[in-house]
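A short worksheet on the structure shown next.
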Amino acid sequence: MFGLKLNGTDHSDEQQLARLARKIAASMTHSWQIMEVSGELTSTMLRHDLFRYLPPDLKIVHGPGCAVASVPVHIFDRAISIAQEPDVIFCATAELLRIPGSTKDLLEVKAQGFDVRVVYSSIECIGIARSNPDKKVVLFNVGFESSVQMDALAVWQARRLGVSNFYLLSDHANLPPVVSRVLADRDSQVNAVLVPGQLACISGFEDYEPIAETMHRPIVVTGFEPTDILEGILKAVNLLEYGKATVENQYKRAANRQGNLEVRALISEVFEVCQRQWRGLGVVQAGGYALRPEFSAFDAHQVFAPLGACEVEGTGCISSEIWLGMKSPLQCPLFGKTCKPDSPQGATMVSTAGTCAAYFKHQFKK
Ligand code: SF4
């Protein structure tokens, strides 16, 4: 069945979205502000212009849902420094190569002749290390649990196979504590939160239950299709209207309360939760993952010489207010002028999944 495509949705989607929109409007007796915390959710909302379905007294804001955007500049400086060491093969995703440190990015390091490679999976680096025993192979990776699980497997395999020239430089993020941090902000106007269903497929959503309870805000695990998002919003509105601060799962077809126990066991065998500096938000307790001490021989943070920390954001950047749900990228005077994806001035523009980068892409595509 072929349908007319509007903003990437077909006719039947349109009917379903319109039906959900009517339900949302009919359920509301108050103004509400709902925060979504996922670059994917931001992108889908903008790509399909889901805002046009929502009543004017329902405000959607975008929280800190992009792990790459949350990496401090000094981590990129560290990566650049290691990539320039002799005998290092430096591996990362294509996106991480183009994110600037204080003075340059990894693409420039590659152009200078250093051995910087794009890899598509963490486990690929084990093969590179085994083929190059006289080199130090460093994998640079950043992400939420979907990336953590891949790195956990790579490090676990490196130990099992006795690969002693593989190192991981990671700055992985743990989302629930940062959701708690945002909701605890005394200026926060956020009434409810949509969290990404794909992470719940791995780690479940039980960690959000005490957050919903102590912060008195409902949390809804939400999928990425346009209808998922409006369904998630409808669930959040209903919870708000009934005064229930609980966790609901819209993404039941893939996510459950406990997640994938096998993958969680692998992650917790290799990594432990640690405090993490979130660019734009500061230090978040339990906001990241670090390799456990028994895997320290693979930890590039420990094996390679440290650098001093350096500046965080350009003057005038309002990333932190965006991540707290207080401002939109369109309220930043630098947006689309001095700050663009190829000249980012702050956290939310550096990654394609960052809020400012997503707004830039959809604002200027027409
Ligand atoms: S547009 Fe740039 S400077 Fe403005 S908030 Fe976003 S990242 Fe910061």
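If you average the C-alpha positions of segment 326-366 and of segment 131-162 separately, how far apart do those two centres end up, in angstrom? Rounded to whole Å, the Cα centres lie 32 Å apart. Evaluating 6.51 cos²θ - 1.76 cosθ + 1.60 at θ = phi - 60° for every residue in segment 171-183, the Karplus couplings come out as 9, 6, 10, 10, 6, x, x, 6, 4, 4, 4, 5, 5 Hz, glycine and proline recorded as x. With the helix formula -39500 (n - 2.57) applied to DSSP H stretches of n ≥ 4, the chain reaches a computed 222 nm mean residue ellipticity of -11000 deg cm²/dmol.
Taking the inverse of the mean 1/r over every pair of distinct Cα atoms in the chain gives a Kirkwood hydrodynamic radius of 21.4 Å.
Take the Kirkwood radius over Cα pairs of segment 34-75, plug it into Stokes-Einstein at 20 °C and 1.002 mPa s, and you get 185 µm²/s for translational diffusion.
Place +1 on the Cβ of every Lys and Arg and -1 on the Cβ of every Asp and Glu in the chain, take the dipole about the Cα centre, and give the residue among His216, His301, Phe76 whose Cα lies farthest towards its positive end. Positive-end residue among those listed: His216.
What shape does segment 15-166 have by the C-alpha gyration tensor, where a ≥ b ≥ c are the square roots of the eigenvalues, rounded means a/c under 1.5, and otherwise prolate means a/b greater than b/c and oblate the rest?
Numbers: a/c = 3.62, a/b = 2.42, b/c = 1.49.
Prolate.
Determine the sum of side-chain charges near Arg98: Lys and Arg each +1, Asp and Glu each -1, restricted to other residues whose C-beta is under 9 angstrom from that of Arg98.
Values: positive: none; negative: Glu95, Asp105, Asp342.
Net of charged neighbours comes to -3.
Among the trypsin sites (Lys or Arg not before Pro) in segment 106-190, those located in a DSSP loop and surrounded by at most 14 other Cβ atoms within 10 Å of their own Cβ are Arg186. Quick note on segment 27-104: its Rg to Rh ratio, both from C-alpha atoms and Rh being the Kirkwood radius, is 1.22.
Maximal additional length on extending the Ala254-Thr214 stretch stands at 11.7 nm, based on 0.36 nm per residue less the C-alpha distance. Once you've got the GNM for the chain with C-alpha springs shorter than 10 Å, pick whichever of Gly65, Gly127, Gly232 has the biggest mean-square fluctuation. Answer for the Gaussian network model of the chain: Gly127.
Just round it to a whole percent: the fraction of Cα-Cα distances in segment 148-245 exceeding 23 Å. Roughly 41 percent, once rounded to a whole number. Counting every pair of alpha carbons in segment 248-312, the share spaced more than 17 Å apart comes to 63 percent. Compute a Gaussian network model of the chain, connecting alpha carbons closer than 10 Å, and tell me which residue from Phe90, Phe166, Phe295 fluctuates the most. With Cα springs under 10 Å in the chain, the top fluctuation among Phe90, Phe166, Phe295 is at Phe295.
Who wins for biggest fluctuation among Tyr289, Tyr242, Tyr208 in a Gaussian network model of the chain, springs between alpha carbons below 10 Å? Among Tyr289, Tyr242, Tyr208, the largest mean-square fluctuation in the Gaussian network model of the chain belongs to Tyr242. Secondary structure note: in segment 36-332, about 30% of the DSSP beta bridges are antiparallel. If the only charges are +1 at each Lys and Arg Cβ and -1 at each Asp and Glu Cβ, what is the size of the charge dipole of the chain around the Cα centre, to the nearest 20 debye? Around 660 debye, computed over the chain. For segment 233-366, a Kirkwood hydrodynamic radius built from all Cα pairs, placed in the Stokes-Einstein relation at 4 °C and 1.567 mPa s, yields a translational diffusion coefficient of 70 µm²/s. Relative to the longest principal axis of the Cα atoms of the chain, helix 73-83 runs at roughly 30 degrees.
Each reported figure results from applying straightforward, stated rules to the coordinates on display, with no laboratory input. Please read all numbers here as calculations on a predicted model, not as lab measurements. All Cβ positions, even for glycine, are placed from backbone atoms using ideal geometry, and neighbour counts span all protein chains on display.
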